[in-house]
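The values are calculated or read from the model by the stated rules, or taken from the named source; none is laboratory data. Small disclaimer: the values here were computed from a predicted structure and weren't measured. Cβ placement follows ideal geometry from the backbone for every residue including glycine, while neighbour counts extend to all protein chains displayed.
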Amino acid sequence: MTVRSGWLLNRDAQGGGQTREDTRVVPTGTFFPTGEMTVRAGCVPGGDPFKLTSSGAMEATMGVGRAIIQGTAAQGAYPVAVTEPEVLVFADGDPQFPRKDTVALRVQDSTYDGTGQVRAYVEIMKGTPAASPVAPTATGTAEKLYEITVPAGASAGTGGIDWATAVADRRRNTTGVGGIMAGGWTASYNGSYAGQYRDNAGVLERWSGTTWEPVLRLGNSGRVEFGDLTVKRGTDGSLHVEQGVFAQRATPTDYVFSGKAVGDTYDRLRLYADGSMYMGAGTTPRDVNLYRGGANILKTDDYFECAMSRITSGVTATSGWTVFQQDLRVRAGVTTVHLAFTRSSATSVTAPASGNITPDLLLSTVPAAWRPPYDMFVAASTGVGDGSVRIDTAGNVELLSWTPSQSIAQSATLRVEYTFIK
């Protein structure tokens, strides 16, 4: 016998029933539960079980394989093995209409089905010819493997069956408890217990109890290790990667990262493979960008604004002057300084007819943050008279000139402003 089943007959005095060899070759223990007393029928994966190949105009050969066939809950499940190739011969086609035949593995057990037979075999279930034929359903203790379309008028003399297009694979797989179910003809079946896994077209899915979820659950403190790469959950709910993250896309215009808040219509942040960054409010399309405008150039097509830092202390005037106002502001690397000195001495500063103050008159020395990268010469004014001031890299603020023959009297306020980029 080339089609064999375990647990079908007890050994009797005449030597009939299950042999030790039967017990070894059938897949005992490969039971994927679908209920308390039932299992999922199907092929046992490994190689290409029950592979069908054409061997004649109206013939095909089915290869070896193993399967589970479920009977009623009381009847139990039958492990079956085909140990040698089986030649299948199909009846000639109907003169008018095509038909679809079903190839199935079947177990007959007279104790339960009353057929008078106790055997496992490969069955060709002949379909009904029709303009749109439907293959027979494999009911009872049978497992459908293939559907074969037999054209109208097909025979060995007319060219027979077109084996390149006639075969519809209906094999489904099964596995043991806790095993990951391999892919098969259909994915439209439920799991039998929460935590069950299956491979669905390359996607690992978990049965939640009500649906298949394409997720991998590791718990709140879970981590995944890929060689020397570790991915884990952070304490703040973030994803931590202990090494670098690399994303490679087909073109520079493909994006490599997208960030979106719950409830947003659009992602608020999108990074592209060319290094550009686009941002938005989430309720409208992204409207701000930042990108490389050329060698050593960072560019945006929109307005740029950054925070400003401010310092209002640290400047001390020299003798004869007091600091009336000091204000340093820095934004986007641009420093703007406003200084105001009040003449505290009763002695006025009077410029000669040339306007040149000799020697230069030191007003104050400013701290490092206030010092320009090169000597600067700027205007100074009291509102009545005008002159020039130098601010050097050492921070010295010196009056160089004033309105010819004019004085800076006591209580007059001298104002100086300058801007630089470090």
**Asked** Which one of these does Thr318 not meet: (1) out of contact with any Leu (no Cβ under 8 Å at 6 or more places or on another chain); (2) farther than 19 Å from Ile421 by Cα; (3) assigned by TED's automatic domain parsing to the domain that holds Leu363?
**Response** (1)
**Request:** Of the numbered conditions (1) touching a residue at least 40 places away in the same chain (Cβ under 8 Å); (2) closer than 17 Å to Thr322 by Cα; (3) of a type in the set (Gly, Ala, Ser); (4) surrounded by 15 or more Cβ atoms within 10 Å (Cβ to Cβ), Ser407 fails exactly one; give the number of that condition.
**Result:** (2)
**Request:** Could you please tell me which pairs satisfy a Cβ distance under 8 Å, a separation of 6+ or placement on different chains, a first residue in segment 140-158 that is within 17 Å of Ala41 (Cβ to Cβ) and surrounded by fewer than 21 Cβ atoms within 10 Å (Cβ to Cβ), and a second residue that is of a type in the set (Asp, Glu) and at pLDDT below 95?
**Result:** Gly140/Asp113
**Message:** Name the single residue that is nearest to Phe50 (Cα to Cα) among those in segment 142-192 being in a helix (DSSP H, G or I) and β-branched (Val, Ile, Thr).
**Reply:** Thr165
**Asked** Looking at Ala351, Ala368, Ala394, which is the one that is farther than 30 Å from Arg331 by Cα and in contact (Cβ under 8 Å) with a residue 12 or more places away in the chain?
**Response** Ala351
**Message:** Cβ-Cβ under 6 Å, sequence separation 6+ or interchain: first residue in segment 253-279 and in the same structural domain as Lys299 (by TED's automatic domain parsing) and basic (Lys, Arg), partner loosely packed, with under 15 Cβ neighbours inside 10 Å and assigned to a strand (DSSP E or B). Which pairs?
**Reply:** Arg268/Gly259; Arg270/Ser258
**Prompt:** Gly234: within 22 Å of the chain's Cα centre (by Cα) and outside the structural domain of Phe90 (by TED's automatic domain parsing), yes or no?
**Reply:** yes
**Message:** Considering only residues that are farther than 17 Å from Thr365 by Cβ and surrounded by 16 or more Cβ atoms within 10 Å (Cβ to Cβ), which ones fall in segment 325-334?
**Reply:** Val330
**Complete:** Of the residues in segment 104-130 that are in a strand (DSSP E or B) and among the basic types (Lys, Arg), the one that is farthest from Ala73 (Cα to Cα) is Arg119
**Complete:** Arg198 vs (1) assigned to a loop (DSSP other than H, G, I, E, B); (2) modelled with pLDDT of 85 or more: all pass except (1)
**Request:** Look through segment 46-89, keep the residues that are among the β-branched types (Val, Ile, Thr) and surrounded by 22 or more Cβ atoms within 10 Å (Cβ to Cβ), and return whichever of them is nearest to Ala104 (Cα to Cα).
**Result:** Ile69
**Complete:** How many residues of segment 62-95 are more than 12 Å from Thr2 (Cβ to Cβ) and assigned to a strand (DSSP E or B)? The answer is 10
**Asked** With respect to the numbered conditions (1) surrounded by 13 or more Cβ atoms within 10 Å (Cβ to Cβ); (2) within 30 Å of Glu86 (Cβ to Cβ), which one is the sole condition not fulfilled by Thr165?
**Response** (1)
**Every residue from segment 266-293 that is β-branched (Val, Ile, Thr) and either surrounded by 12 or more Cβ atoms within 10 Å (Cβ to Cβ) or in a strand (DSSP E or B) (or both)** = Val288
**Prompt:** Do we have Gly263 as of a type in the set (Gly, Ala, Ser), modelled with pLDDT under 85, out of contact with any strand residue (DSSP E or B) (no Cβ under 7 Å at 6 or more places or on another chain) and loosely packed, with under 15 Cβ neighbours inside 10 Å here?
**Reply:** no
**Item:** Residues of segment 31-66 classified as touching a Pro at 6+ places or on another chain (Cβ under 7 Å) and touching a residue at least 60 places away in the same chain (Cβ under 8 Å), total
**Value:** 4
**First in segment 305-316 and farther than 16 Å from Val397 by Cβ, second anywhere and among the small types (Gly, Ala, Ser) and at pLDDT below 95, Cβ under 7 Å, 6 or more apart** = Cys306/Ala332
**Matching option when the condition is under 20 Å from Val334 (Cβ atoms), buried (at least 17 other Cβ atoms within 10 Å of the Cβ) and either assigned by TED's automatic domain parsing to the domain that holds Val334 or modelled with pLDDT of 95 or more (or both), among Tyr418, Tyr374** = Tyr418
**Message:** Restricting to segment 1-43, and then to whatever is modelled with pLDDT of 75 or more and exposed (fewer than 12 other Cβ atoms within 10 Å of the Cβ), can you tell me which residue is nearest to Arg198 (Cα to Cα)?
**Reply:** Gly35
**Item:** Condition met for Glu205 (in a strand (DSSP E or B), surrounded by 11 or more Cβ atoms within 10 Å (Cβ to Cβ) and among the acidic types (Asp, Glu))
**Value:** yes
